[in-house]
Amino acid sequence: MPLTLIIGDKTYSSWSLRAALALELAEAPYSELLIPLDRPDTHARILAHSPTGKVPLLQTEEGPVWDSLAIGEYLAERFPEAHLWPRGEYARALARSLCAEMHSGFAALRTHLPMDLKRDQALAQVPADAQADIRRICALWTDCRERFGQDGPFLFGHPSLADAFFAPVAARLRSYRIELPQVAAAYVETVYRWPAFQRWFQAAQTERLR
């Protein structure tokens, strides 16, 4: 039984994007089931697959794995040769710290700058709490690039789960035309050149929405 990823709209579902990028990193064959969001039957359709009624969910031979962080950890263990986490004990710990912070934090950014891959327009004003989130994110990216920039253009040199988790943030910053310091702007460009992200982004541009 191949892996099946249950996702929401590619235009809006940042958590689904994270899980899909993790699967791309693992080079794992999988099928995709997209359930459009915010429709009368959305919750019931997702519940047919997910005990939480949320996406993403990865259906495996042994059963479902829900939540993007759990999906990433599952894939890292199942496909160790893909090195979804960076090499080196401290690098892995730092990458996990970044993913955990992304997973549970940055509420203002999520609220005021929701992911919309079809958007290309600045906000009239970015609220102060969202600006604070953006500064924190830029600081995280800069720290990683200073430590691991010699190994490649991603946060830890080669693409990892940290990039899967921050790719939707990079998309938000471009969609809302946020002015960024040089290192952060270069990282956003790296994400947009990433073939795995580009495939999702291009699919979102042709997606039929409500």
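The values are calculated or read from the model by the stated rules, or taken from the named source; none is laboratory data. All values derive from a computational prediction rather than experimental measurement. All Cβ positions, glycine included, derive from the backbone under ideal geometry; neighbour counts span all protein chains shown.
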key: helices (runs of 4 or more DSSP H) within region 1-103 that include 3 or more residues over 13 Å from the mean Cα position of the chain (by Cα) and in contact (Cβ under 8 Å) with a residue 40 or more places away in the chain   = 68-78
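Among the residues of region 125-133, are any surrounded by 12 or more Cβ atoms within 10 Å (Cβ to Cβ), touching a His at 6+ places or on another chain (Cβ under 6 Å) and either part of a helix (DSSP H, G or I) or outside the structural domain of SER16 (by TED's automatic domain parsing) (or both)? Outline the logic, then answer.
Taking region 125-133 as the starting set, the residues that turn out to be surrounded by 12 or more Cβ atoms within 10 Å (Cβ to Cβ) are 126-127, 129-133.
Now drop any that are not touching a His at 6+ places or on another chain (Cβ under 6 Å), which leaves 127, 130.
The next check asks that each one be either part of a helix (DSSP H, G or I) or outside the structural domain of SER16 (by TED's automatic domain parsing) (or both); those that pass are 127, 130.
Yes, because at least one residue in region 125-133 is surrounded by 12 or more Cβ atoms within 10 Å (Cβ to Cβ), touching a His at 6+ places or on another chain (Cβ under 6 Å) and either part of a helix (DSSP H, G or I) or outside the structural domain of SER16 (by TED's automatic domain parsing) (or both).
Select from region 200-210 the residues that are of a type outside the set (A, V, I, L, M) and in contact with an Asp or Glu (Cβ under 8 Å, 6 or more places away or on another chain) and write down the one among them that is farthest from PHE165 (Cα to Cα).
We begin by selecting, within region 200-210, every residue of a type outside the set (A, V, I, L, M); these are 200-202, 205-208, 210.
Applying the additional criterion that residues be in contact with an Asp or Glu (Cβ under 8 Å, 6 or more places away or on another chain) yields 207, 210.
Numbers: GLU207: 22, ARG210: 26 Å.
Out of the qualifying residues, it is ARG210.
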ask   = Within region 123-173, restricting attention to residues that are farther than 13 Å from ALA95 by Cα and touching a strand residue (DSSP E or B) at 6+ places or on another chain (Cβ under 9 Å), which residue is modelled with the highest pLDDT?
value = GLY152
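Which residue out of ALA186, ALA170 is within 15 Å of LEU109 (Cα to Cα) and out of contact with any His (no Cβ under 9 Å at 6 or more places or on another chain)?
On the way: ALA186 fails: within 15 Å of LEU109 (Cα to Cα).
The match here is ALA170.
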inquiry  = Could you check region 154-193 and list, in sequence order, the residues that are buried (at least 24 other Cβ atoms within 10 Å of the Cβ) and either at positive phi or among the polar types (S, T, N, Q) (or both)?
reply    = SER160
inquiry  = Let me confirm something: among ALA48, ALA26, which residue is surrounded by 20 or more Cβ atoms within 10 Å (Cβ to Cβ) and either assigned by TED's automatic domain parsing to the domain that holds ASP116 or among the aliphatic types (A, V, I, L, M) (or both)?
reply    = ALA26
